[in-house]
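Inspection log for the structure reproduced underneath, given as structure tokens.
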Amino acid sequence: MTLVEIVPYHPDYAESVAEMWNRSHDEWGGGSFVRSAEQVRQSEENSDAIAVFLATCNDEVVGYCSLGEYREDTGALYIQLLNVRPDFHGHKIGKRLVLRAVEETIRLGWPRVDLYTWEANMKAVPLYKRCGFFWEDREDAVHFMNFIPQVASCEALAPYFRHFDWYADLMRTIEIKPDGQKENGFETYSYTWANDNGRSLRVDIERRSRGICLIETEDFLLSATAEQAEPVFGNHYHVEYRMINKSGAPLKLEFQGESDRNVVFDWQGELLVTGERHISASFFVGTIEEPQSEWRTCPAVQTRVRINGAEALLKVGIVPKFPASVKMNVPAVRHATGGNYTLYLDMQNHFAQPAAFSFTLPGNAWLALGQQTFETKLQAKERVSLAVPYRLNDYGFYHARPQIRAVPDNGPEVLFTSTVGGAFGGPGAMFAGETDSGWMAWNGAYSLHYDKDHNEMSFRTVSRKNDDILLLPPSIGKPYSSEFTRKKPLQVEICEERGGIGFRHTYRSDAFPQLLLHLCTLLYADGTVKLWHELENSSGTPFAREFWISQRIRSDLYRLVLPYESRIVEMTDSHGNDHEYWDGTKFSEPWLFARGGQTAYGICWTGSHRMRFGEWFLELESVVRSLEPGETKASEPIFMSKGGFDDWK
């Protein structure tokens, strides 16, 4: 085969990149859409990729790999897209692209690189595993993590890595299943290297911290383990270190604990090890404001260890817990005022021992709770649903932060607060409020739901499932920053205006610290949502540059109607469901309509927006060209209508 080179993307390659994608349809589920060079150029221009690598052969692009900052977590890059043209399969081009992405991650100083694939792509799993990726065991995604960059940057491992080729000497049993060894609630992944000279090296990664928890060389073994994987906040716990000296000469170890978020750990220690030693230290788990997802980097018990002067950072991740969780489960019915119903309070004890809990929910004029004071004793980790009868005098959103008293059998009393909320809606209802997991606005038969964990908002019909329009977090810049995918808003305000109710989310940009971005939404009773952005210069100096705001919208394009190339195109089935089937530059008017499977919807925008289709989303861009100190400029609005029109005409 002619020589294949790995080169950075350049717009001059756009036509050949388009040809590569067009010849790869069958690898991505089929389809007949044809990608153009201009679509490739625009997509790359709008991309938040840090680097894009191409595999070229005789000036043709035969492979593609884009690398960006991981949106779902902190401290990682991820391979956004990876493709090899089908007629070049079997020539290890995919391996070269993946390894180039790992090398770039090391060069840029990031500790980890991730990727996703889909359940039908199991043929790629051996490649990923041989390149150092571990398959995380989770139900919602096929997610891989590669910690080679972190291992390669560890000072204590550097002398040993001189004897290994990290790829060629990596010993893996390749199985088409998730990785990990589970013990005492923790999960670890093991890297092992061995060569023909009899040398070996082992490094274990603890999943929740995404960090090194064990190192074994020919000279020593060093590991860290924590007492509990899911400790309740407000208590002290222990971390234990195990050390084995195999070198025949004394090893000097110096320990320095480091606090991480709500884990307080400032312990120091020093010892000389000649054989095997165990030592433990105490850390404190402080209060948390909201539940910690175990699928993101968790707070860790971190220890900087110097082994004869060479440094390694050990991490053991924990998922801090409230003493108990309390969630209000309101029946999914259209309430009638004056009616009698039953809700449930779902509780779980998070202590590793029995505990008694007591709290009072405040009442109000429109919601008459049949029981307001609760006392219950739960066994370790036990769940229970408490039935609460109520009479609904009016519609509204219940929100309370009761103080809960927890008394574990073998521990001190703990007082904590928890957000308890729920929507009690019906015909003509309009309200908004906060729950434990997000915010919700209700107006008539429609609702907006903001998900705190993913920073996403969904537009729903109350009585129907699976027909959401998903509003992704906005991006600013160009090149765009994906920081608002993870970054929590500074504040969320409930807004009301002329029969509409919604939210104003305010974000502070780290990439552009003088700017505040406000995402504004209003929901109307006829199923219309109005969305716009406001960009505010909160500094004392002018902001004099062109600045773009991107809003991505994900929706089903089933039975789509659109003004395309100066004519109305009507699809009667799923043909054209793929977003990339359509070229945004060929829209002759600023709207689209989809009859859908359940509820018809439409989206319209103004002539000041620039529209394009991505892989699975509609993107609408607006531009702000300058901001004086203290000035705020608003974009033109985007309108979405669900169920308000049966036809586009």
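The values are calculated or read from the model by the stated rules, or taken from the named source; none is laboratory data. Everything quoted here is computed from the prediction, not taken from an experiment. Reconstructed Cβ throughout: ideal geometry from the backbone, glycine too, with neighbour counts over all protein chains shown. Just the protein is used for accessible areas: all its heavy atoms, side chains included, with ligands, DNA and RNA removed. Shrake-Rupley method; radii C 1.70, N 1.55, O 1.52, S 1.80 Å.
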Inset, instruction - Two decimals is fine: what is log10 I(q)/I(0) at q = 0.11, 0.15, 0.17 Å⁻¹ for the range 545-630, from a Debye sum with one equal scatterer on every Cα and no solvent? - result: -0.34, -0.57, -0.70
Legend entry - Simple spin-label estimate for R296 and K530 in nanometres, 7 Å along Cα-Cβ: 3.2
Legend entry - Tensor-based shape of the range 172-290 (alpha-carbon gyration tensor, a/c under 1.5 rounded, otherwise prolate or oblate): oblate
Legend entry - Computed over the range 261-378, Kirkwood Rh from alpha-carbon pairs, angstrom: 19.2
Legend entry - Where labels lie 7 Å past Cα in the beta-carbon direction, separation of N577 and H236 in nm: 5.9
Legend entry - Long pairs among K252/K488; K452/K649; K452/K530; K327/K633; K92/K315, criterion Cα-Cα beyond 32 Å: K252/K488; K452/K649; K327/K633; K92/K315
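Can you pull the percent of Cα pairs in the range 119-190 with separation above 14 Å? Intermediate results must be reported in sequence, preceding the final value.
Details: 1673 of 2556 pairs.
Percentage above 14 Å: 65.
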Inset, instruction - Name the residues whose placed amide hydrogens come within less than 5 Å of the amide hydrogen of S325, ignoring near sequence neighbours (fewer than 5 apart) on the same chain. - result: Q348, H350
Legend entry - Geometric extent, Cα atoms of the chain - Rg, Dmax (angstrom): 27.7, 85
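Take the eigenvalues of the Cα gyration tensor for the range 449-520, scale each by 5, and report the square roots as semi-axes in whole Å, largest first. Let's see the in-between values first.
Values: eigenvalues 118, 49, 19 Å².
With the √(5λ) rule applied to the range 449-520, the semi-axes are 24, 16, 10 Å.
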Inset, instruction - Would you pull out the residues with amide H under 5 Å of S259's amide H, same chain only if 5 or more places away, H placed 1.01 Å from N? - result: F265
Inset, instruction - Can you tell me the equivalent ellipsoid semi-axes for the range 492-596? Use √(5λ) from the Cα gyration tensor, largest first, whole Å. - result: 33, 20, 12
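I need the peptides 168-179, 143-154 ranked by packing, meaning the mean over residues of other C-beta atoms within 10 angstrom, with the highest value on top. Write down the numbers at each step before the final one.
Values: 168-179: 13.0, 143-154: 21.1.
Per-residue mean Cβ counts within 10 Å order the peptides as 143-154, 168-179.
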Inset, instruction - Let me know the Kirkwood hydrodynamic radius for the range 88-217, please, with Cα pairs as the basis and the value in Å to one decimal. - result: 15.4
Legend entry - Bins of 5 Å, starting at 0 and running to the largest distance - Cα pair percent for the range 1-159: 2, 9, 17, 21, 20, 17, 9, 3, 1, 0, 0
Legend entry - For T342, solvent-accessible area (1.4 Å; no DNA, RNA or ligand), Å²: 60
Legend entry - Integer Hz, Karplus 6.51/-1.76/1.60 couplings in order for the range 259-274, x for Gly and Pro: 6, 9, 6, 8, 8, 9, 8, 10, 6, 10, x, 8, 7, 10, 10, 10
Inset, instruction - Give me the accessible area per residue for the chain, probe 1.4 Å, as a whole number in Å². - result: 44
Legend entry - Alpha-carbon centroid distance for the pair the range 362-404 / the range 99-150, whole angstrom: 45
Legend entry - the range 355-473: projected area of the alpha-carbon convex hull, averaged over directions, in nm²: 9.0
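Report, to two decimal places, the Cα Rg of the range 85-134 normalised by 2.2 N^0.38 Å (N = number of residues). Intermediate results must be reported in sequence, preceding the final value.
Details: Rg = 11.9 Å, N = 50, 2.2 N^0.38 = 9.7 Å.
For the range 85-134, the normalised Cα radius of gyration is 1.22.
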Inset, instruction - Give the whole-number value, in cubic angstrom per residue, of the convex hull volume spanned by the C-alpha atoms of the range 419-548. - result: 121
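Could you tell me the calculated FRET efficiency between A120 and K381, based on Cβ-Cβ distance and R0 = 35 angstrom, to the nearest 0.05?
On the way: r = 36 Å, r/R0 = 1.03.
E between A120 and K381, to the nearest 0.05, is 0.45.
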Legend entry - Note, ³J(HN,Hα) from phi for the range 337-350, Karplus 6.51, -1.76, 1.60, rounded to Hz, x at Gly and Pro: 4, x, x, 10, 9, 9, 10, 10, 9, 8, 10, 9, 7, 9
Inset, instruction - In whole angstrom, note down how far apart the Cα centers of the range 52-80 and the range 435-464 are. - result: 34
